[in-house]
Amino acid sequence: MSLNKNNIPIFFLIFFSGISFSQEGVSAIQDSIKIKNLDEVVITATRTVRQLSSLPLPVQLVSKKEIQSVNSLRLSDILNEQTGLITVPDYGGGEGIQLQGLDSQYTLVLIDGVPLIGRSAGTLDLSRITIGNVRQIEIVKGASSSLYGSDALGGVINIITDSPKYGFNGNLNSRAGSFNSYDSSLNLGYKRETFAISTFLNSFNSGGYDLNKNDVLNTVEPYSNYTLNSKLTYHFNKNTNLFLSGRYYSQNQDYVASEDLKGESNIREWNTHLKLSHNYSKKWSSYFEFYATRYKANEYLNHTDNSPFNASNFNQLLVRPEIRATYNLNEKSAFIGGLGWNHEILKRTDFSASPKFNSPYAYLQYDTNPTNNINVILGARFDNHSEYRSQFSPKAAIRYKLSKKIAIKGAMGYGIKAPDFRQLYFDFTNATVGYTVLGYNVVSTKMPELESEGQIANMVVPLSEFENMLNPENSISFNLGADYNPLASLKFNLNLFRNNINDLIDTRVIANKTNGQNVFSYYNVHKVYTQGLEFNTTWKPSNDIKISGGYQLLFAKDKDAEDAFKNGTVYARETPSSPSFQLDKKDYFGLYNRSRHMANVKVFYEVTKWNLDANIRGTYRSKYGLYDTNGNTYLDTYDAFVESYTIWDIAINKTLYKNYQLGFGIDNVFGFTDTQNISNIPGQIIYGKLNIQF
């Protein structure tokens with residue numbers, strides 16, 4: 001444990017230095033009414049403010065109270081405890097989210113409604129997002145391209161940041177824990193009748209960790225990052241409002257490839273978001289929004305004599321203006337529509353060009369309640385694109401309230417995901433091993449060059465197959481569920497889902513090289529589906545106790561693979577020297593890195609008279625396969641699997657003198673690790689926390 005004695009004076013210094021601030025905060029007017037109103041509403045599912053309980057779509061909400069009580073620091077921490085979600089490490093060391101069995105590249109991640117960029121191999125690293133200033137997290141499951149376009153094929157995660165209360169207020173938070181991890185944040189806010197401003201600062205340092213002591217490399221090298229986020233709102237009058245925000249993030253990490261090759265990796269990211277809204281009448285309102293963001297990453301490796309070995313960089317820019325209008329036809333029906341334009345540029349090492357994407361779009365949604373018991377949402381979006389064919393993404397959802405206790409709901413949506421820059425323009429040859437990866441658009445020009453240089457032994461796929469465009473991946477998602485509230489204190493939710501994905505973009509060998517390695521590229525091939533059910537329940541037997549649980553059953557499979565097993569063309573061996581035998585359909589397990597079962601349970605307990613709250617949370621993941629270990633190119637029941645595991649976390653928080661809170665907790669109580677297969681679980685983490693409100 002690294003909560004050492006050297007940190008104790010720091011805690012006391014922060015504790016006592018905050019007293020003066022807190023005295024001013026006692027007289028601040030608390031606009032608790034507004035906070036209460038926002039607790040049970042979401043905006044991501046329909047882009048309008050809606051009660052969570054009235055939505056016809058599968059939506060999960062993580063409240064600020066839950067985030068604070070479990071003492072989470074990063075977005076990846078809290079998402080892992082939600083039903084049907086699991087973070088998985090990617091090849092670059094980041095953590096992406098898997099939602100309803102779909103890879104992280106199919107889930108759009110937003111902060112205050114605008115997207116983050118900087119995906120590596122399709123994965124957006126969630127560990128770079130601090131949640132110290134988050135009011136709530138909204139998770140919409142199922143294809144949402146009808147409102148959000150590409151990348152929302154599987155769903156949307158929207159992080160809503162907090163707004164200041166009336167007067168001057170803020171909080172200071174510091175946490176120290178195992179692996180030399182230190183997180184400190186300061187949140188300041190000021191609000192008057194027409195003006196509000198807030199600033200959030202966060203610093204996070206980690207000493208890294210090493211799961212394998214048999215080599216000289218760490219599993220995660222030491223790193224530090226910083227986040228600065230400011231928001232400003234101004235009400236010109238009761239009908240016209242201005243919103244302006246900016247966010248800056250930087251990270252520095254050691255980069256060690258071997259004993260002889262060492263360097264650094266750096267990330268710089270900024271976002272700026274402006275929104276001007278106006279209400280013309282009780283029926284008409286609109287806003288204009290301008291969003292720009294840039295993500296830059298660079299890394300280098302030097303020899304021990306400090307001479308350079310290699311260097312790479314990544315520089316992506318997104319600019320997006322959008323105008324949106326809402327028309328309330330009557331008290332029960334409303335139209336919402338928008339026009340926008342995405343302009344994207346990427347400059348990256350190992351790319352054949354500096355590609356530019358331009359994609360104007362338009363969307364329209366109709367939200368109506370024809371009776372008091374029925375809610376219907378119809379929507380569609382049209383995306384034009386400079387590099388691939390235009391896409392039309394419709395969506396329909398309905399909720400029917402059978403009684404005060406039971407409601408059923410269903411949704412169907414079409415989702416798209418455009419080929420990313422890497423899949424179109426990558427031009428990379430591994431200097432050490434010798435293999436080559438080419439983007440689809442590069443193949444027709446690069447392959448003749450490699451042939452003329454004598455690097456190609458034979459072509460596996462003719463160049464004529466690269467004459468047409470690479471199609472966007474697309475899916476049709478179905479969700480059918482029910483809400484059952486037999487008591488005011490007891491809630492059940494069941495959701496059945498299926499996602500059919502077509503034109504999946506995968507890699508394949510297109511040529512053999514004379515050095516014995518291969519040339520890879522991308523192509524549309526597989527038809528994949530994920531299906532299953534999600535179950536959630538919440539029980540509050542008293543005001544002091546809340547118990548919740550969730551479960552997901554998942555089947556994620558490739559249709560072509562299913563046919564191969566069904567037709568008896570797949571074989572396996574028990575050992576490399578044993579005779580082969582034929583496999584049948586029941587032997588096919590499914591896609592890699594998917595568990596058949598995932599579950600969670602949480603118990604929150606408050607002792608009001610002691611100003612103390614405590615909780616215990618458990619998550620379970622059943623076995624899953626990462627590799628084909630018997631050489632038949634499929635994941636079957638005779639392959640080696642990663643064993644199932646359970647992780648338990650506990651947290652205790654004690655409030656002193658209303659404004660001071662001390663926290664203690666243990667994440668991963670029993671210290672589970674899997675050195676060989678799971679790199680993003682470092683082991684047991686013991687921590688202490690101090691929070692000062694003022």
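The values are calculated or read from the model by the stated rules, or taken from the named source; none is laboratory data. Keep in mind the model is a prediction, meaning the values are calculated, not measured. FYI the Cβ positions are ideal-geometry reconstructions off the backbone, even for glycines, and counts take in every protein chain you see. All accessible areas refer to the heavy atoms of the entire protein, side chains included, with ligands and DNA or RNA removed. Shrake-Rupley method; radii C 1.70, N 1.55, O 1.52, S 1.80 Å.
Around the Cα centre of the chain, unit charges on the Cβ atoms of Lys, Arg, Asp and Glu (plus for the first two, minus for the last two) sum to a dipole of about 3240 debye.
Calculate the length of the line joining the C-alpha centroid of the stretch 366-387 to that of the stretch 623-655, in whole Å. Centre-to-centre distance over Cα atoms comes out at 38 Å.
In the stretch 367-433, the portion of solvent-accessible area held by carbon and sulfur atoms comes to 61 percent [1.4 Å probe, whole percent, DNA, RNA and ligands not counted]. Let me know the whole percent of all Cα-Cα pairs from the stretch 400-483 that are separated by more than 23 Å. Cα-Cα pairs in the stretch 400-483 separated by more than 23 Å: 50 percent.
With a/c under 1.5 counting as rounded, go ahead and sort the stretch 301-363 into rounded, prolate or oblate using the C-alpha gyration tensor (a ≥ b ≥ c being the square roots of the eigenvalues; past the cut-off, prolate if a/b is larger than b/c, else oblate). Please report the intermediate quantities before stating the final value.
Values: a/c = 7.19, a/b = 3.63, b/c = 1.98.
Prolate is the answer for the stretch 301-363, as a/c is 1.5 or above and a/b outweighs b/c.
Taken as Cα centroids, the stretch 477-527 and the stretch 398-458 sit 13 Å apart, rounded to the nearest whole angstrom.
Can you give the accessible area per residue of the stretch 210-251, in Å², using a 1.4 Å probe? Please report the intermediate quantities before stating the final value.
On the way: 2300 Å² over 42 residues.
I get 55 Å² per residue for this part.
Heavy-atom accessible area, probed at 1.4 angstrom with all protein chains present, ranks 520, 382 as 382, 520, highest first. The angle separating the long axis of helix 443-452 from the principal Cα axis of greatest extent in the chain is about 40 degrees. Computed on the Cα trace of the stretch 438-539, the radius of gyration divided by the Kirkwood hydrodynamic radius gives Rg/Rh = 1.34. For the chain, the pair-distance distribution built from all alpha carbon pairs, in bins 20 Å wide starting at 0, is 16, 51, 30, 4, 0 percent. Accessible area of residue 667 (1.4 Å probe, protein heavy atoms only, ligands and nucleic acids ignored): about 30 Å². Relative contact order of the stretch 373-454: 19 percent, from C-alpha pairs under 8 Å at least 6 residues apart in sequence.
Protein-only accessible surface at a 1.4 angstrom probe places the residues 332, 356 in the order 356, 332, largest first. Computed with every protein chain present, the accessible area of residue 539 is close to 110 Å² [probe 1.4 Å].
What number, rounded to the nearest 500 deg cm²/dmol, is the helix-based mean residue ellipticity at 222 nm of the chain, given -39500 (n - 2.57) per DSSP H run of at least four residues and division by all its residues?
Details: 9 runs with 63 residues, N = 694.
It lands at -2500 deg cm²/dmol.
Taking all protein chains together, 273, 235, 343 sort by accessible area into 235, 343, 273, largest first [probe 1.4 Å]. With contacts taken as Cα pairs under 8 Å at a separation of at least 6 residues, the chain carries a relative contact order of 11 percent.
The equivalent ellipsoid of the stretch 74-209 has semi-axes of 28, 22, 11 Å, largest first, where each one is the square root of 5 times an eigenvalue of the Cα gyration tensor.
Give me the Kirkwood hydrodynamic radius of the stretch 598-694, using the inverse of the mean 1/r over all pairs of distinct Cα atoms, in Å to one decimal.
Numbers: mean 1/r = 0.0617 Å⁻¹.
For the stretch 598-694, the Kirkwood estimate is 16.2 Å.
Equivalent-ellipsoid semi-axes for the stretch 241-307 (Cα gyration tensor, √(5λ), whole Å, largest first): 47, 7, 7.
Over the stretch 103-172, the Kirkwood radius and the radius of gyration, each from Cα atoms, give a ratio Rg/Rh of 1.06. For the stretch 323-451, the per residue solvent-accessible surface stands at 47 Å², with DNA, RNA and ligands left out and a 1.4 Å probe. With the simple model of a label 7 Å out from the Cα in the direction of the Cβ, residue 49 to residue 512 spans 6.6 nm. Computed in the context of the full set of protein chains, the accessible area of the stretch 451-530 at 1.4 Å probe radius has 52% of its extent on carbon or sulfur. For residue 327 and residue 577, a Förster radius of 56 Å and the Cβ-Cβ distance give a FRET efficiency of 0.20, rounded to the nearest 0.05. When its C-alpha radius of gyration is set against 2.2 N^0.38 Å (N residues), the stretch 174-292 gives a value of 1.59.
In the frame of its principal axes, the stretch 144-189 has Cα extents of 40, 39, 9 Å, reported largest first.
In the stretch 573-643, the convex hull through the Cα atoms has an average projected area of 6.4 nm², a quarter of its surface area. For the residue pairs 540/602; 401/602; 65/654; 65/191; 332/395, the alpha carbons lie more than 18 Å apart in 401/602; 65/191; 332/395.
Extent along the principal axes, Cα only, for the stretch 241-371: 73, 29, 28 Å, with the longest axis given first. Which distance in Å, rounded to a whole number, links the C-alpha centroids of the stretch 205-225 and the stretch 81-148? Measuring centre to centre over Cα atoms gives 24 Å.
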